[in-house]
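Contents: one structure, followed by commentary.
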Amino acid sequence: MRTIFFLIIFFLSNSIATAQVFLSEGGLIDDYRNEIKPDTFSTRISLPVNSINPQFGLSKVCINISHERISDLKIELLAPDGTRTWLTNRNGGEESDLYFNTCFSTFGFSGYIHQGKYPYTGEYIPDGRMELINNNQNPNGLWKIIVTDLRATMTGSLNYFSLTFENNPNPGYGNPPCSEANPSACNCPDGMSPCQLLPDLVMLESFTNAQIEEFPWNHPDYPGQIRFAATIANIGTGPMEIFGLNKWYCGEKEVDFDTKCENGEDPRQNLVQRIYRLDSTHKIVHEDINAGTNYFDRKPGHNHYHVDDWVEFRLYKEKKSKRKIISEGRKISYCLFDTGICNNPYDSLCFTNGKNYSKANLINYGFGEFTDCKFDHQGISVGGYDTYGYMYEGQYLKLPKRLKPGFYVLEIEIDPEKKYKESNVSNNLFSKRVYLSKQKK
């Protein structure tokens, strides 16, 4: 794709320009037709440096898209070294048709893109973690915007996009986080070592509260559904980190990974969970314990490896201290990676169980970096969260046609089969009271 505009603002500091903006043309976006067909728009970057990092790197990505329904779209940035980050994934609801001069940065002053309003003019925090792009990679090469249409009948185009590189690209991300390579930044919960550094998974209620909708039975796309977002954060002291063993099974039978099982499904891969420990010499060591399984999910918008039985959805009616299950979604699988991180102590995005979580109060904040859900490595870092929006596949419960109007309870449980080790499993259950009224008799 031809770069149509290149601007350098010539204020030099240590031989690096403070801001370099690359503006490139886009093109038509292919409509979804029963198969995934991502559109790739590229621009070649040439900078007077061979490494981008917290001192100088990518600070901002801007897009301009006209599309009849932008909530059909997943939009990603792919760096030359293969690092991928989500800019926005199926945001906008049913009526929005424009991203107009929409920019993304680590601390976008307009807030989070998933909480933004049409036409999204301004600078937003993306659905992914842009700071992980500035990982000392060589920026000179081909950068790509990947747009995937995940729902049929509506069309549009990417009009243009731009990339901005400058000094201090991700303010607030100065010191290296806790890691095996940097154990001096790691601490135990009580300040005394040795200890295990375990994850602690919780639901972030703000995402579900902002993205929940009941659809009537005559809706053309979502008949008789309650759809909702689910965001899982790690507020522990160590990452939720899992590895594939490259051992694939159809039931009890070990097979090659590209085998198709008799039931038509892809085989499952055995997983281990990596548990970190800070020893008495203040070094990080680890052990791997048996965990669950994953598989290749071919549904629209996925085409990556999902961890089995990650969450369970339920809708029930409370009556005289008893509960009657109205609908249930079992064995809901997720692909695990950081779609974002709790980085603001003053907003309510990462508020749960009466407390707000951020870099300010999370020990070992940033431990673990998961930019994608690979077949052999997935996870959620300390302070990171993994979001599934209400427009994503599987994010719904089917409602009975003759459901009486009234209050019900939506319940989401993380790791319902307790396959993974955490510091606290008592906070894995989230519930929300909802009023339903659209199902006709």
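None of the figures in this text is laboratory data; all of them are computed from the coordinates on show. This is a predicted model, so every value here is computed, not measured. Don't worry about glycine lacking a Cβ; one is built from the backbone with ideal geometry, like all the others, and counts go over all protein chains shown.
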**Message:** Within a 10 angstrom radius of the beta carbon, how do Met192, Met130 rank from fewest other beta carbons to most?
**Reply:** Met192, Met130
**Complete:** Taking alpha-carbon centroids only, the stretch 17-59 lies from the stretch 117-131 a number of Å equal to 16
**Prompt:** In percent, what relative contact order does the chain have, based on Cα pairs under 8 Å that are 6 or more apart in sequence?
**Reply:** 16
**Request:** Place a label point 7 angstrom from the Cα of Lys432 along the Cα-to-Cβ direction, then list the residues of the stretch 57-73 whose backbone nitrogen is under 20 Å away.
**Result:** 71-72
**Likely footprinting exposure, Val311, Val434, fewest C-beta neighbours within 10 Å first** = Val434, Val311
**Message:** Calculate the FRET efficiency for Asp309 and Leu23 from the Cβ-Cβ distance with a Förster distance of 51 Å, rounded to the nearest 0.05.
**Reply:** 0.65
**Residue list for the stretch 75-111, given a label point 7 angstrom along the Cα-to-Cβ vector of Glu393 and an amide N cut-off under 18 Å** = 75-76, 89-91
**Prompt:** What number, rounded to the nearest 500 deg cm²/dmol, is the helix-based mean residue ellipticity at 222 nm of the chain, given -39500 (n - 2.57) per DSSP H run of at least four residues and division by all its residues?
**Reply:** -500 deg cm²/dmol
**Message:** Taking 8 Å as the Cα distance limit and 6 or more residues as the minimum spacing, I'd like the relative contact order of the stretch 347-441 as a percentage.
**Reply:** 22
**Asked** Normalised by the number of residues in the stretch 249-401, what is the relative contact order in percent for Cα pairs under 8 Å and 6+ residues apart?
**Response** 17
**Request:** Within 10 Å of each residue's Cβ, count the other Cβ atoms and sort Ile133, Ile146 from fewest upward.
**Result:** Ile146, Ile133
**Asked** Working out 0.36 nm times the residue gap between Ser348 and His377, then minus their Cα-Cα distance, what length gain in nm do you get to one decimal?
**Response** 7.4 nm
**Prompt:** Using θ = phi - 60° and the Karplus form 6.51 cos²θ - 1.76 cosθ + 1.60, what ³J(HN,Hα) does each residue of the stretch 41-58 get, whole Hz, x for Gly and Pro?
**Reply:** 10, 10, 8, 9, 9, 10, 10, x, 9, 10, 7, 10, 7, x, 7, 8, x, 6
**Asked** Scattering from the C-alpha atoms of the chain alone, worked out with Debye: what is log10 I(q)/I(0) at q = 0.09 1/Å?
**Response** -0.61
**Request:** Please give the contour-minus-distance gain from Asp221 to Lys322: 0.36 nm per residue of separation, less the Cα-Cα distance, rounded to one decimal in nm.
**Result:** 33.0 nm
**Asked** Residues with amide H under 5 Å of Leu98's amide H, sequence separation 5 or more or different chain, H placed in the peptide plane at 1.01 Å from N; which?
**Response** His67, Ile70
**Assigned charges on the beta-carbon of Lys, Arg, Asp, Glu; the chain dipole about Cα centre (debye)** = 1680
**Ranked packing of 118-125, 381-388, 319-326, most packed first, by mean Cβ within 10 Å** = 381-388, 118-125, 319-326
**Message:** Projecting each Cα onto the charge dipole of the chain (Lys/Arg +1, Asp/Glu -1 at the beta carbon, about the Cα centre), which of Cys188, Val307, Ala152 comes out farthest on the positive side?
**Reply:** Ala152
**Asked** If you stretched the chain out fully between Gln115 and Ile289, how much longer would it get, using 0.36 nm times the residue separation minus the C-alpha to C-alpha distance?
**Response** 58.9 nm
